[in-house]
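In what follows, a single structure is set out as structure tokens and then discussed.
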Amino acid sequence: MSIQTKSLISSKVLVIHAGGVFSPRQVLLLQNGNEVRQAQSFDLHDGLAINELAHAMNLKVFIVEGRPGLSQYRANKLRAEFIAGGSDKFNAVSDKLPQYGFQWSDVLLMGDDLRDLHSMELAAFVACPSDASKDLQRYVASRSGFVSSFAGGKGAIREFIEHIAEVRQFDYLSRYLQDERVFDGEMRNDTNIS
């Protein structure tokens, strides 16, 4: 069994960088008269994978962004821990990990740009979306990491979490179908979560 496979099986925490992974790297500005507001989009499939599959595999999920905002609101809806790292997201994550009994060797990390490299150097396993910088994609490939076929904020997280489940031989479908709440209509009806 390779080191990468062992890392995917044994890691306990998933760290996702927000801008460019959790949401597309774009800014949407909405104007109403003289007021301009920022909007952000999030992929529902990514949300379902975090809220359902990652948690079912007992992965603690951290969403990391420079400052609180819409990503924090979305992370809270998905039962993920939001970390506001300011300009130093690496140290913010480094400070948070021991609070939960984790260290960098427990981390599966998905980032999209070279500023995520310092964290990636310490993580047990690394991944990136298809639209990550070419240099970062080469780095992830050199670590035998996971380069998604989907762009950030457009399904890359779900594909990565499903990859983790596949390597772990985690049969979520059977668990899902055995949960009688699925058929009672009381489970997974909240579109604000998925």
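The values are calculated or read from the model by the stated rules, or taken from the named source; none is laboratory data. Computed from a prediction, not measured in an experiment: that's the story for all the values here. Positions of Cβ are generated from backbone atoms using ideal geometry, with glycine treated the same way; all protein chains shown enter the neighbour counts. These area figures cover heavy atoms from the full protein model, side chains too; ligands, DNA and RNA do not enter into them. Shrake-Rupley method; radii C 1.70, N 1.55, O 1.52, S 1.80 Å.
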Restricting to segment 37-90, what's the tally of residues that are outside any helix (DSSP H, G or I), at negative phi and polar (S, T, N, Q)?
4
What pairs come out if I take residues in segment 75-100 that are open to solvent by less than 40 Å² (accessible area, probe 1.4 Å) and pair them with residues that are assigned to a loop (DSSP other than H, G, I, E, B) and among the aromatic types (F, W, Y) whose C-beta lies under 8 Å away, six or more apart or interchain?
A75/F22
Only one residue in S71, S11 is among the small types (G, A, S), buried (at least 19 other Cβ atoms within 10 Å of the Cβ) and modelled with pLDDT of 90 or more, so which one is that?
S11
Starting from segment 142-165, take each residue that is free of Cβ contacts under 8 Å to residues at least 60 places away in the same chain and list its partners that are acidic (D, E), counting only C-beta distances under 7 angstrom and pairs at least six apart or across chains.
S148/E159; S149/E159; F150/E159
Flagged in segment 45-68 as open to solvent by 10 Å² or more (accessible area, probe 1.4 Å) and not charged (D, E, K, R), in numbering order, are H45, L48, N51, L53, H55, A56, M57, N58, G66, P68
Against the definition (farther than 25 Å from L173 by Cα, of a type in the set (A, V, I, L, M, F, W, C) and surrounded by 13 or more Cβ atoms within 10 Å (Cβ to Cβ)), how does A18 come out, yes or no?
yes
Matching residues in segment 129-164 - criterion: being closer than 13 Å to A56 by Cα and either open to solvent by 50 Å² or more (accessible area, probe 1.4 Å) or over 14 Å from the mean Cα position of the chain (by Cα) (or both):
E162
